[in-house]
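J.: Here it is: the structure, laid out below.
What follows is calculated from the coordinates using simple rules that are stated; it is not laboratory data. Please read all numbers here as calculations on a predicted model, not as lab measurements. All Cβ positions, even for glycine, are placed from backbone atoms using ideal geometry, and neighbour counts span all protein chains on display.
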Amino acid sequence: MEIRINGKAADITADSEKTVGEVMAGLEVWIAESGHRLSGLAINGKHIDSSSLEEAFSKEISSVKTLDINTSSIADLSAQSLLRLIDDINEFETLDFAKRAAFFDNWKESAEACFAAEQAQDLYLLYVNTFTGQGVNCEGLRSITEERLREINTPSAELAAIQSLINEICSRLADISLDIQTGKDGRAAQTIQVFTALTEKIFRIFRQLDAQGYFPADEEKPAYTLIADFNAYVKELLEAYEKHDSVLVGDLAEYEIAPRLQEMYDTIEKFSCEKAASRG
């Protein structure tokens, strides 16, 4: 049996596997770890659709001459899913109140909804809330979705675009203790909110850069160490903030969090720019 992945012969030989399903089970982990998902399957040149998948998986490999496996990257699948979600918003906006409940019942079973629930649960919950009349409006949801799409399609540019915001939030972190002590609780709360949103965005972009091959698999990733170290201090900061310990909040924010946030951003941004330039 010849196994081809995306049209190229794969150096894979069945060992103890007896059926196509057993072969696919062995390949599933490898495909997932490479940042891909199965998107198509053909046996002896015949395309296998979802209705015939069970029968195909039960085939003995002795009866199979060629097994063609097609995969799509998570980045491509994510981008396609986001575009469909934007289409869903557009359709939802045209519906009257009576039809929106039925729309939601159908939507939550859709491929894009299931994919979002698996890959971006926070975004999925935003859609659930909006489509059930409890969340942000459609315009706001569309803007959030378009931002996520940019993070996938142009991660380096999206990272570079927040540089001034990073500089500003680092400055505000240094002032947060004074804000708390002088009764500027609203500004302090806003600083924490913006800080949280920016760090989440950096993490999302870093995961995209990594998944899209900006960081070679055999190369050390200093950003991983920086992120792990940073997360430990963030947890401590949020705990201190919840306890209204302004002294500890101030010390952590100014001397630990702000410099680490800047270093983490600079490291990821520098590397992404170099890789983007090398890719043209």
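J.: What value, in deg cm²/dmol to 500, does the helix sum -39500 (n - 2.57) over DSSP H runs of n ≥ 4 give at 222 nm once divided by the residues of the chain? Mind showing how you got there, number by number?
T.: On the way: 13 runs with 188 residues, N = 280.
So the helix-based figure for the chain works out to -22000 deg cm²/dmol.
J.: Taking θ = phi - 60°, what integer Hz values does the Karplus form 6.51 cos²θ - 1.76 cosθ + 1.60 yield along the range 258-270, in sequence order, with x for Gly and Pro?
T.: The phi angles translate into 4, x, 6, 4, 5, 5, 4, 4, 4, 5, 5, 5, 4 Hz.
J.: Just for the chain, what percent of DSSP beta bridges are antiparallel, to the closest 5? Mind showing how you got there, number by number?
T.: Values: 12 of 16 bridges.
Percent antiparallel among DSSP bridges in the chain is about 75.
J.: Another question, if that's okay. Using θ = phi - 60° and the Karplus form 6.51 cos²θ - 1.76 cosθ + 1.60, what ³J(HN,Hα) does each residue of the range 160-172 get, whole Hz, x for Gly and Pro?
T.: 4, 5, 9, 4, 5, 5, 5, 4, 5, 5, 5, 5, 5
J.: Efficiency by 1/(1 + (r/R0)^6): what FRET value for LYS99 and ASP122, r their Cβ-Cβ distance, R0 = 30 Å, to the nearest 0.05?
T.: Details: r = 27 Å, r/R0 = 0.90.
Between LYS99 and ASP122 the formula returns 0.65.
J.: Right, here's the next one. Specify whether the C-alpha gyration tensor of the range 2-73 places it in the rounded, prolate or oblate class, a ≥ b ≥ c being the square roots of the eigenvalues: rounded for a/c under 1.5, otherwise prolate if a/b is larger than b/c and oblate if not.
T.: rounded
J.: Moving on to the next point. Got a sec to turn the phi values of the range 232-248 into Karplus ³J(HN,Hα) couplings, 6.51 cos²θ - 1.76 cosθ + 1.60 with θ = phi - 60°, whole Hz, x for Gly and Pro?
T.: Going residue by residue, I get 4, 6, 4, 4, 5, 4, 5, 5, 5, 5, 5, 8, 6, 8, 5, 5, 5 Hz, with x marking Gly and Pro.
J.: For ARG4, list long-range residues whose amide hydrogen, built 1.01 Å from N in the peptide plane, is under 5 Å from its own amide hydrogen.
T.: Long-range HN contacts for ARG4: ALA10, LEU67, ASP68, ILE69.
J.: If I stretch the segment between SER63 and SER34 completely, what's the gain in nm (0.36 nm per residue apart, minus their alpha carbon distance), one decimal? Provide the component values of the computation, followed by the final result.
T.: On the way: separation 29, 0.36 × 29 = 10.44 nm, distance 2.87 nm.
Extending this stretch completely gives an extra 7.6 nm.
J.: For HIS36, list long-range residues whose amide hydrogen, built 1.01 Å from N in the peptide plane, is under 5 Å from its own amide hydrogen.
T.: Excluding prolines and chain starts, which carry no amide H, the hits are ILE74.
J.: Each label point is 7 Å from the Cα along the Cα-to-Cβ direction; what then is the distance between the points at SER73 and PHE203, in nm?
T.: 2.3
J.: What Kirkwood Rh does the chain have if only Cα atoms enter the pairwise 1/r average? Answer in Å.
T.: Working: mean 1/r = 0.0451 Å⁻¹.
So the Kirkwood estimate lands at 22.2 Å.
J.: Sort THR94, THR199 so the one with the fewest other Cβ atoms within 10 Å of its own Cβ comes first. It would help to have the intermediate numbers written out before the result.
T.: Working: THR94 8, THR199 20.
Placing the least packed residue first, the sequence is THR94, THR199.
J.: If you average the alpha carbon positions of the range 233-279 and of the range 108-168, how far apart do those two centres end up, in angstrom?
T.: Taking the Cα centre of each part, the range 233-279 and the range 108-168 sit 22 Å apart.
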